[in-house]
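Notes follow once the structure below has been shown.
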Amino acid sequence: MADKEATIYIVDLGSSMSDCHNGRLESDLDWSMRYIWDRISNTVAASRKTWNVGVIGVRTEDTSNPLQDQEDGYDNISVLQELGPMNLEAMRALQSRIKPNDCDAGDIVSAIVLAIEMIRRFTKKLKYHRKIVLVTDGMAPIDGSDDFDEIAAKMKDSEIQLVVLGVDFDDAEFGFKEEDKPSTKRENERLLKLLVDQCDGLYGTMAEAISNLEIPRIKPVRPYKTYDGPLTLGDPNEHKDAMSISVERYFKTHKATIPPASRVVSKVGEGDPSKPSEGANDEEMQGVESTSFAGITQARTYKVNDPDAPGGKRDVEFESLAKGYEYGRTAVHISESEYNITKLETTKSFSIVGFIHQEKYNPFLNMGEAGMTVAQRFNDAAALKLSSLIHSLHELESYAIARIVIKDGKEPALVLLAPHIDVDFECLYDVPLPFAEDVRNYAFPPLDKIITVSGNTITKDHRNLPSKELSEAMDDYVDAMDISSWEKDDDGDRTMEYAAVEDVFTPPLHRVNQVVRHRAIYPDQPVPPTPAVLLKYANPPEDLVIKVKSELEDLIDKANVKKVPAKAKGRRDKGDKPKPISGLDIDALLSQPENKRTKINPDNSIPEFKQMVEYAEDESVFEDAAKQMGGIIKSLITKSFGDSGYDRAIENLGEFRRAMTENEVSGIYNSFIRDLKRRLLSGELGGDRRELWWQIKGARLGLIDNNPVTGVESSTVTPEEAAEFYKK
């Protein structure tokens, strides 16, 4: 596959392109340019110097092209963009030149001939993907006497593909036909279709091209060799019967990364906004005009305590620092010699260390990207050896486990080698395997039985085990929600696989790419909505959900599912104690009708604080409970050795805030958290406790504001003040 491209877009800029047709609110030119700008923005985003773009305008008021003085028939044709690499700045300049002209002269076929000559001169005899894309409404004059056979022969000889996209062109396959079509347009459509057929090109209506813009385009990648060397079984240097096969390993699947955000700064001076600042980076950033923005450079300095230095600290060089690791709040030093022991001295290798039967391998152990191992090219002996290994694994229904080091000094990896045999292709597919430290085993109780404390096993008639009716209802619901054949085929029958692999796209990746392209093309327009194709599989099919509604209702009935009442917010009236769902009188059961508590034990602070607040009858009880809880929190912080008591303090603080929020006494908590912040930052609670304040900020345990959703309406703190509280 050639990695070089040369594409010329021919755009009809005649006066008829400024009109709106078929109920559209934008002109035919703006509507058609959606497709071209999307194509060009993809080229800009790729940032490849070997992808070249040119633009020719037809029916322009001026004439500017290399053939205007050599032959007749090239009037009113202008080269708007010479064939070459495209960047964002060039695309922005091109946008200002794409506009309708008050001109109806200019031959479409002559523009195609001009594009052919431009591509042939630029690419010469080199290996390129050559393409000409013509966008027109069919109202431009076309000389029917032109020798289409000669033009088609030139395009085939130069391996140029012609693509014609017409505004409101008839397309039976797409299902579009324009009524009351002018005779001139009908004849031009016929001539263009004839030329495309002779060139073996593509012909279609612009509506179909634009409708496909929202469908993500999968980027094909060239094979990338990750390993080239012997695949061994045993050590050939020590054993004569050891196996050694010369192989090459390539990526089979590769993760597509989401484009990262670049941090930039306005490249202007403080005194004169029109002058670039001296401290800005002059290097032009990819996709950003260097005259407006500059990349952010980072500088890091290291200081140590020095009583004799100004300010009590002295700068040190990075090379003089020792490597260390954080253990709690202590930095543990590790010398260079000790650090080198932890690094494995590996050499490039690919060796089989064992075999496993396919039935004994768990697919959930697969990790990372898949690879493909084939025999070394032009090595028949290696191909024969590898084929023998592949067929042996296939016949024995086994996998091989291999250790691979891509190059000297790289960390080793374990991979599972699976045989693949096709009609004319054989290989070993591999996936990374986890090491023992990567596997986490979690034990869950079984769903079909209950094991008692005494060791007895109960398989039925237990409240935590599903009944026969519930199991049958669940089976019916799962069967009814089967989506394996819910997709409609061309005849409207549901026989195709729903959510096939080739139809499922990564929403974050393609959404970010779509937004980046749109912002590059239309910097002043709002971001477009997310395409429906990216959200298609975010929820189950609506028609299927409606179809299985009866099975779902039956399952809810058999499972005795009940809605949990919403947790009430606000102060309760005196004597309005919470009523449990079970309906039991807990106070009577505990023989404590009053259930009043006046003292909170620090060792059992949260349950006792809850109980004290739960039965509070007036404001003074809340104040007393808050005072005791606040004292406990401060005591935990003061007595904390390092950060040993931080978790308990944050847990108590979270319960403190929740209780004050639910009972709408935000003022008590807000006063406490303001005082706590002051004491933490000033070092009054046992030394430097700023790290705890960062943890409190991360847990969002700051002021209670009057946000109607997350706060208390009676609070005097606004959301802006609450946000500012975290910053100061």
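Before moving on, here are some points about what is shown:
- The angle separating the long axis of helix 108-123 from the principal Cα axis of greatest extent in the chain is about 70 degrees.
- Summarising the amide proton neighbourhood of CYS103: residues at separation of 5 or more, or on other chains, whose placed amide H is nearer than 5 Å comprise SER15.
- Unit charges at the beta carbon, dipole of the chain: most positive-side option, PRO307, VAL374, SER211: PRO307
- For the chain, the average shadow cast by the Cα convex hull is 52.4 nm², which is a quarter of the hull's surface.
- Which listed pairs, of LYS468/LYS563; LYS124/LYS154; LYS154/LYS219; LYS360/LYS536; LYS225/LYS360, have C-alpha distances above 25 Å, in listed order: LYS154/LYS219; LYS360/LYS536; LYS225/LYS360
- Under-5 Å amide H pairs with SER158, H placed in peptide plane, nonlocal only: none
- C-alpha center-to-center spacing [the stretch 230-264, the stretch 133-212] in angstrom: 48
- Charging the Cβ of each Asp and Glu at -1 and of each Lys and Arg at +1, and nothing else, the dipole of the stretch 411-568 about its Cα centre rounds to 1340 debye.
- Relative to the longest principal axis of the Cα atoms of the chain, the long axis of helix 619-638 makes an angle of roughly 80 degrees.
- Estimated from helical segments only, the mean residue ellipticity of the chain at 222 nm is -10000 deg cm²/dmol, where each DSSP H run of four or more residues counts as -39500 (n - 2.57).
- Note on the stretch 586-727: lysine pairs with Cα distance below 19 Å, sequence gap of 8 or more or different chains, count 15.
- Beta-bridge orientation, the stretch 5-211: approximately 20 percent antiparallel, per DSSP, counting only bridges with both partners inside.
- Residue-by-residue Karplus 3J(HN,Hα) for the stretch 155-160, coefficients 6.51, -1.76, 1.60, Hz, glycine and proline x: 5, 5, 5, 8, 6, 9
- Cross-link reach is defined here as a Cα-Cα straight distance under 18 Å, omitting same-chain residues fewer than 8 places apart; for LYS488 the aspartates and glutamates meeting it are GLU497, GLU502, ASP503, GLU542, ASP543.
- Charge dipole (Cα centre; +1 on Lys/Arg Cβ, -1 on Asp/Glu Cβ; no other charges) of the stretch 586-727 amounts to roughly 680 debye.
- Cα-centre dipole for the chain with unit charges at Cβ (Lys and Arg positive, Asp and Glu negative), debye to 20: 3620
- Cβ-to-Cβ counts within 10 Å put MET481, MET91 in ascending order as MET481, MET91, the fewest first.
- C-alpha center-to-center spacing [the stretch 484-529, the stretch 331-388] in angstrom: 36
- Taking the average, over residues, of other Cβ atoms within 10 Å as the packing measure, peptides 31-41, 392-402 rank 31-41, 392-402 from highest down.
- Leading residue at positive end of dipole, the chain (Cβ point charges), from ILE450, ALA480, THR232: ILE450
- Summarising the amide proton neighbourhood of GLU5: residues at separation of 5 or more, or on other chains, whose placed amide H is nearer than 5 Å comprise TRP51, ASN52, HIS129.
- Positive-pole candidate from LEU191, PRO85, VAL109, dipole of the stretch 58-200, charges at beta carbon: PRO85
- Residue-wise HN-Hα coupling along the stretch 228-233, computed from phi with Karplus coefficients 6.51, -1.76, 1.60 (Hz; x: Gly, Pro): 9, x, x, 9, 10, 10
- Against the main long axis of the alpha-carbon atoms of the chain, helix 666-682 sits at an angle near 80°.
Every read-out reported here was derived from the displayed coordinates using simple, explicitly stated rules and does not represent laboratory data. Because the structure is predicted, anything quoted here is derived from the model rather than measured. Using ideal geometry, Cβ is built from the backbone for each residue, glycine included, and neighbour counts are taken over all protein chains shown.
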